[in-house]
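Take this structure first; my questions come after.
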Amino acid sequence: MSRTCNETAKRGSPVRPFTLWKEVAVAYLAPALTAGLGGVLSGQPELTMAAFTSIGATSAVMAFVVGGWLHHRGRPRRWTTSVPRPVITVGLGTAAAAIAGVAGWFASGWLPSHTPVPDDGWLERLRIDLPLSAALATTIVTWRWHGMAPRQQK
């Protein structure tokens, strides 16, 4: 006889553990497939290409970095579990967007003038793709991690 989710939750069973590689895979696949499909359906090949490169890759990298930092060898830092879920999610999402925004701005301006990379339109996309992808991946991973993280006993 199988138990329903409600029966299991009522008994106080532990929450599924946070698995970094699964979070990173979903962080890459979800935006890459949705943006790629949007690019195909709207006839925007540059969006389709960006979906699998700058959008998906940024999401995966941020999920790996933030998830790894939060999970910190399987033991969360005390302050990360004591801060309310919306506060840590918004805080980390904003920080990730700011850092990625600076990286996108720097890459779109510096690369064409200092490297043989041509000044194409895809470089301008980095100013939007990087911070948006970083913010979304960071907030999703943080929200999910906080829900799965064990709480410190006082």
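Read-outs throughout are calculated quantities, based only on the coordinates presented, and are distinct from any laboratory measurement. What you see is a predicted model, and the numbers here were worked out from it, not measured in a lab. As a convention, Cβ positions derive from the backbone with ideal geometry for all residues, glycine included, and neighbour counts pool all protein chains shown.
Compute and list, largest first, the equivalent-ellipsoid semi-axes of the chain from the alpha carbon gyration tensor, each √(5λ) rounded to a whole angstrom.
Equivalent-ellipsoid dimensions as semi-axes: 35, 20, 11 Å.
With each pseudo-label sitting 7 Å past Cα toward Cβ, what's the residue 128-residue 83 distance in nm, one decimal?
Inter-label distance under the simple model: 3.0 nm.
Comparing 107, 35, 137, which has the greatest mean-square fluctuation in the GNM of the chain with Cα pairs linked when under 10 Å apart?
107
Separate question: Using alpha-carbon pairs under 8 Å, 6+ residues apart, how would you state the relative contact order of the chain in percent?
30
Separation between the residue 117 and residue 33 pseudo-spin-labels, each 7 Å from Cα along Cα→Cβ, expressed in nm?
Those two pseudo-labels are separated by 2.9 nm.
Helix check for the chain. Which DSSP H runs span at least 30 Å along their own axis by Cα, with a mean Kyte-Doolittle hydropathy no less than 0.0?
Within the chain the helices that satisfy the rule are 20-42, 85-114, 121-148.
Which residue, 75, 125, 16, has the most motion in a Gaussian network model of the chain that connects Cα atoms within less than 10 Å?
So, out of 75, 125, 16, the one fluctuating most is 16.
Suppose the chain between residue 42 and residue 19 were pulled fully straight at 0.36 nm per residue; how much longer would it get relative to their current alpha carbon spacing?
4.8 nm
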